[in-house]
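*Asks:* Provided herewith is a single structure, encoded as structure tokens, for subsequent inquiry.
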Amino acid sequence: MPNQLDFPAAENLRILYSREQIQTRVEEMGRQIREDLHGESVVLVGVLKGAAIFLADLARAIQLDCTFDFVAVSSYKSGAESSGAVQLIKDLTEPVEDRHLIVVEDILDTGLTLSFLHAHFQGHKPRSIRVAALLDKPSRRLQPIHADYVGFSIPNEFVIGYGMDYAERYRNLPDIRILDI
Ligand code: IMP
């Protein structure tokens with residue numbers, strides 16, 4: 001675990017997307033999802049912990065009848081390096097058979113997490129599965145998976161804020177910033 005000195009002050013980190021830019025884009029994504037769902041109800045499934053803040057804002061932007069559920073996986077250790085293997089730590093709590101699912105993810109990076117979750121959710125027999133990712137790093141992809149809704153496509157930078165962490169820090173920053181690690 002890094003010590004305090006390894007966490008630069010947030011205000012010294014460059015902003016990639018400001019809170020205003022994020023809000024505008026999340027509202028556009030919500031409108032698009034509402035149009036695509038044609039008034040049908042939906043289950044938003046957030047991937048803990050990184051997607052919690054995005055899910056809270058996206059849910060309010062969708063303005064459809066919806067319920068929430070959360071899953072947790074372990075793939076990243078305490079820092080920035082992936083361990084490769086994905087393991088389910090917490091499954092859905094409600095049955096989703098015949099429901100529309102939207103998997104809500106903070107970042108689509110290698111794609112290992114979402115391809116694992118997609119296969120897992122198919123076993124729950126939902127009516128449909130869509131993926132909404134706030135950020136996408138397409139250059140890092142190891143699995144051929146794409147998100148139906150992407151907030152911003154970004155280069156290969158490590159980002160923090162708006163739910164995303166480095167060793168559990170920075171999740172509460174309202175802007176998305178770049179951390180040089
Ligand atoms: P994937 O399985 O490689 O697609 O990883 C997805 C997960 O990795 C995300 O949900 C994040 O938790 C984490 N992750 C990937 N890139 C970043 C980053 O730049 N900052 C913080 N977390 C990241």
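Please treat every number below as a calculation from the coordinates, not as lab data. If you're wondering where the values come from, they're calculated on a predicted model, not measured in any experiment. Don't worry about glycine lacking a Cβ; one is built from the backbone with ideal geometry, like all the others, and counts go over all protein chains shown.
*Asks:* What percent does the relative contact order of the chain come to when contacts are Cα pairs within less than 8 Å and at least six residues apart?
*Replies:* Normalised by residue count, the contact order of the chain is 24 percent.
*Asks:* When all alpha-carbon pairs of the chain are counted, what percent fall beyond 29 Å?
*Replies:* Roughly 18 percent, once rounded to a whole number.
*Asks:* Right, another one. Take every DSSP beta bridge whose two residues both sit in the chain, then give the antiparallel share in percent to the nearest 5.
*Replies:* 30
*Asks:* Kindly rank 18-28, 161-171, 44-54, 123-133 from highest to lowest mean number of other beta carbons found within 10 Å of each residue.
*Replies:* 44-54, 161-171, 123-133, 18-28
*Asks:* Quote the charge dipole size of the chain about the Cα centre in Debye, to the nearest 20; the model charges only the Cβ of Lys and Arg (+1) and of Asp and Glu (-1).
*Replies:* 180
*Asks:* Now for a different question. Rounded, prolate or oblate for the range 88-181? Axes are the square roots of the Cα gyration tensor eigenvalues, ordered a ≥ b ≥ c, and the cut-off for rounded is a/c under 1.5.
*Replies:* Note, shape of the range 88-181 comes out prolate.
*Asks:* Now, a different point. What residues have an amide H closer than 5 Å to that of I129, excluding those fewer than 5 places away on the same chain, when H is modeled at 1.01 Å from N in the peptide plane?
*Replies:* Those qualifying (amide H under 5 Å, at least 5 residues apart or on another chain) are L101.
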